[in-house]
């Protein structure tokens, strides 16, 4: 953990380093990912079978090895502890409600020149959702990816997820049941993204691929950008907590650890105007971390990437927050309004002392797939828009073309495009 | 040109080939682009200077060699033929009006559980617009990229454009003046995209890079996706005209040629239910093409990529149009409504006999930067949204957390994330 004071002479240097720190291995995996994608494109299911045997120690032999049925998902859901079932349902209902409210409106109007103009939103035909295996196999992630697609009106929802050594996660299956997923394929890694983008004999091509994954999955998505639509490439998670000295240190410590326990490369940052409070939080982190089953990950994240910044006044936190452009920003202060108004770059903002980030991970409603690694400067969280596209439209009658056509002819001629000019001129004769 | 009839036994095979035809050299340029980007990242302006001397035969020595001033842009505008100046102004005004109407609304509401939820849209701080040199140096492209950024509220608009052998295009400068561009740098190719994304001593980093370009520019954007926000990777242009037999063959021929004259790899497709009309259009294309100053390009595009498809009834055009997912679709038919309603995948739709595509390139208002190469399946034209991002927000008081917190605790525990659970539990005590 690094402790910085805004008053220290090298603050700008130290803070700049934190802003620029990428916490991601660029790796030299572009070449390997490119080979895997070519292999899947060329050999289809045979390539998937070979790669899944190699990376997941899972043999794709019978149909059951390849996919998980809707029946299995329903059974997994029915087999859940009722409390957990209700929690999943509450989460799904609230996520659905928030995303329904997000649906964009079409436009259709006629302007003064008599030109009818507009835009129409429609869902893509099919979406592929990647659900990671291992540490990050979260049912909440499945809900957060599948529900916006479903609300958007996507016709076919395909999930791919690795099942290392054949082990499936019943919670993920239960979430797939609730979300109404159509197909689940037991394939992971870059090869799964290739199958979704190019299609194979078994796995039909989709139009958009979303969902979190490791560096290989992220690189595959980057390489296939344009072959399919993809959501933002995601890196390790992060939280920025802006807190005054009137918080319970225990609460803020838990918030910082809740991000740290995700990933050793996750980053938790506290900005406060109260140095004594900061010291208390640091103490509580040590005590709490020791008791967590996720101790090792949380400890490593906090030790390697944790930051506490002491400012003189809380308004100094605003420009710092904007440079950090964090995935999650908590405003645990007496009057959050000025901070909320000043923050331009953040994936999601949690307002007030009773809004821990974890509530947004599960049940608040907004999407928990958010831009990481300072990408909130230009990117947004996952939404129904990621599963829709917009067609503009233009309708003119002869009078409308008379009104605006001549200007288009002048511009086409100036650009050296005579057939453009001719296509309008012919109609104005 | 290929002529297909929906009644022919190999129609599906032939049509499938047209759908799958990419018309883009994948090329083996990924490695070269990656080297250029590393060079720009490492050596900054020195790399730009070397690469610009090599690729554009333009020496970046004095400040004037590096950039074009606002003064020069104003002079270029003032020096235009008044008719052209008015045409550019009309175009800018109409594009501005359409894009203002596109600005997204913020959301802010409190639900039954007492949870305040919402989303806030804000512009990115800075945008970089690529304007190609040579054949595709179009002032209309500058307007179509710069105006949505300006309307979105972007603070700094940076243009990069190559000036091969030092030659600048006064029309592009005039458009930059109208659009209120802040900086113009005389750099092109992958190196310009690298400079915009990483920043150099002279050229400040931006948050989003948009604009058309050749294969090198497109590959650079793909590689930098995630370092900056980018718009869709664009390929050669295309038009699909659906026309009945009651059109003037001359009009439709001009429409098909207006796409073909852009690029030898552009594609023009006519679907009609009238074979005799199709033959007339084909004749008119031969006559008109011969008279164009863009003859060579238009002829090559039509010969290599042009398609005429004869259907029995116009409603058969709908599924074909959806598989083609064309950038531009014209509906030159007596009753365009059923076709308009059936078409799910299209960049922009031109309705009626008096809506030639060229009017959309310049003055209609909607953006002319549209998804190509079947990408309208999942992508949309450029809009103010490409220059904005959305932060979600969540506010809870103690009662709201009591209402939804327990479900989040159950899910966090099931996912094996105890600090998540703890951050909520601590507040509910």
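Remarks
- Within 10 Å of each Cβ in B:230-243, the average number of Cβ atoms from other chains: 1
- Spin-label pair residue A:275/residue B:10, simplified geometry with 7 Å Cα→Cβ offset, distance in nm: 8.3
- Size check on segment B:81-234: the Cα extents along the three principal axes, sorted descending, read 66, 39, 27 Å.
- Percentage relative contact order, segment A:313-429, counting C-alpha pairs under 8 Å, at least six apart: 20
- What separates the residue A:41 label point from its copies, with the point 7 Å along Cα to Cβ, is 2.3 nm, written shortest first.
- Expressed to the nearest 5 percent, the antiparallel share of DSSP beta bridges inside the protein assembly as shown is 25 percent.
- Most mobile listed residue (A:212, A:148, A:336) in chain A, GNM with C-alpha springs under 10 Å: A:336
- Two-site label geometry, residue A:323 and residue A:71: point separation in nm, points 7 Å out along Cα→Cβ: 6.0
- Remark: label point of residue A:81 defined 7 Å out from Cα along the Cα-Cβ vector; separations to the same position in other copies 7.8 nm, ascending.
- Overall dimensions of segment A:315-429 as given by Cα atoms, namely Rg and Dmax in Å: 24.6, 70
- For chain A, the Kirkwood estimate of the hydrodynamic radius, built from every pair of different alpha carbons, is 24.0 Å.
- Added length on full extension, which subtracts the Cα-Cα distance from 0.36 nm per residue, residue B:103 to residue B:290: 62.9 nm
- Among A:372, A:163, A:313, the largest mean-square fluctuation in a Gaussian network model of chain A (Cα springs under 10 Å) belongs to A:313.
- Point-to-point label distance, residue A:122-residue B:413, nm (Cα→Cβ direction, 7 Å offset): 4.8
- Radius of gyration and maximum dimension Dmax of segment B:108-171, Cα, Å: 19.2, 66
- Separation of segment B:149-194 from segment A:204-233 is 31 Å, based on Cα centroids.
- Counting DSSP beta bridges with both ends in chain A, the antiparallel % (nearest 5): 25
- Take the Kirkwood radius over Cα pairs of segment A:1-80, plug it into Stokes-Einstein at 10 °C and 1.306 mPa s, and you get 89 µm²/s for translational diffusion.
- Peptide B:371-382 has a mean shielding of 6, counted as Cβ atoms of other protein chains within 10 Å of each residue's Cβ.
- Chain A residue nearest by beta-carbon to the axis mapping A to B, with distance in Å: A:225, 3.
- Translational diffusion of the protein assembly as shown, µm² s⁻¹ [Kirkwood Rh, Cα pairs; Stokes-Einstein; 25 °C; 0.890 mPa s]: 87
- Over chain A: helical MRE at 222 nm, DSSP H runs n ≥ 4 each giving -39500 (n - 2.57), nearest 500: -14000 deg cm²/dmol
- Inter-centroid distance (Cα atoms) of segment B:236-256 relative to segment B:367-415, Å: 40
- Cα centroid separation, segment A:57-108 to segment B:280-350 (Å): 42
- Here is the size of segment B:372-412 from its Cα atoms: Rg then Dmax, 19.4, 52 Å.
- Peptide packing: for B:115-125, A:185-195, the average count of neighbouring Cβ atoms within 10 Å per residue gives the ranking A:185-195, B:115-125, highest mean first.
- Distances between equivalent label points of residue B:101 across the copies, with each point positioned 7 Å along Cα→Cβ, amount to 2.8 nm, shortest listed first.
- For the segment A:100-109, counting C-beta atoms of other chains within 10 Å of every residue's C-beta and taking the mean gives 2.
- Of A:137, A:276, A:346, the one that fluctuates the most in a GNM where chain A has Cα springs shorter than 10 Å: A:276
- Set of segment A:178-206 residues, backbone N closer than 16 Å to the point 7 Å along the Cα-Cβ line of residue A:35: A:190-191
- Residues of segment B:168-186 with amide N under 18 Å of a point placed 7 Å along Cα→Cβ from residue B:64: B:168-170, B:173, B:184-186
Every number in this text was worked out from the coordinates using simple rules, so none of it is lab data. Bear in mind the structure is a predicted one, so any value in this text is a computation, not a measurement. Ideal geometry is used to build each Cβ from the backbone, glycine not excepted, and the neighbour counts take in all protein chains shown.
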